[in-house]
């Protein structure tokens, strides 16, 4: 694969990753601390020519990335509100004439 094709593929993957995470990790240290990164720092530096070059290319190819991240965050807020409606746990059922024992040769009364 040619270098420009690799760059485009990497930029697309990283922009989607940043949108999914809801944040652009502009520090290589912060990025490397994530456990689900699509590329290693070494791969990014090799293909892009350096960590800072990545953002030059992202700003050129994906100028609206920050807006897309904000849209993604606002969608997540809507989903969280819907997801909070959890039914209450079932109440314990009590039956007449039944008691719980510890299992130590006790008899039910």
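The values are calculated or read from the model by the stated rules, or taken from the named source; none is laboratory data. Here the structure is a predicted model, which means the values were calculated and not measured. FYI the Cβ positions are ideal-geometry reconstructions off the backbone, even for glycines, and counts take in every protein chain you see.
Can you pull out every residue in the stretch 24-36 that is surrounded by 12 or more Cβ atoms within 10 Å (Cβ to Cβ) and closer than 17 Å to residue 66 by Cβ?
24, 25, 26, 31 - these are the residues of the stretch 24-36 that are surrounded by 12 or more Cβ atoms within 10 Å (Cβ to Cβ) and closer than 17 Å to residue 66 by Cβ.
When you scan the stretch 44-65, how many residues do you find that are in a helix (DSSP H, G or I) and in contact (Cβ under 8 Å) with a residue 24 or more places away in the chain? Let's see the steps before the verdict.
Kept after step one, since they are in a helix (DSSP H, G or I), are these residues of the stretch 44-65: 44-48, 51-61, 65.
Retained after the next criterion (residues that are in contact (Cβ under 8 Å) with a residue 24 or more places away in the chain): 44, 47-48, 54-55, 57-58, 61, 65.
The number of residues fulfilling the criteria is 9.
Can you tell me which residue among 58, 47 is at pLDDT below 95, surrounded by 12 or more Cβ atoms within 10 Å (Cβ to Cβ) and either out of contact with any helix residue (DSSP H, G or I) (no Cβ under 7 Å at 6 or more places or on another chain) or over 22 Å from residue 74 (Cβ atoms) (or both)?
Working: 58 fails: either out of contact with any helix residue (DSSP H, G or I) (no Cβ under 7 Å at 6 or more places or on another chain) or over 22 Å from residue 74 (Cβ atoms) (or both).
Every option except 47 fails the conditions.
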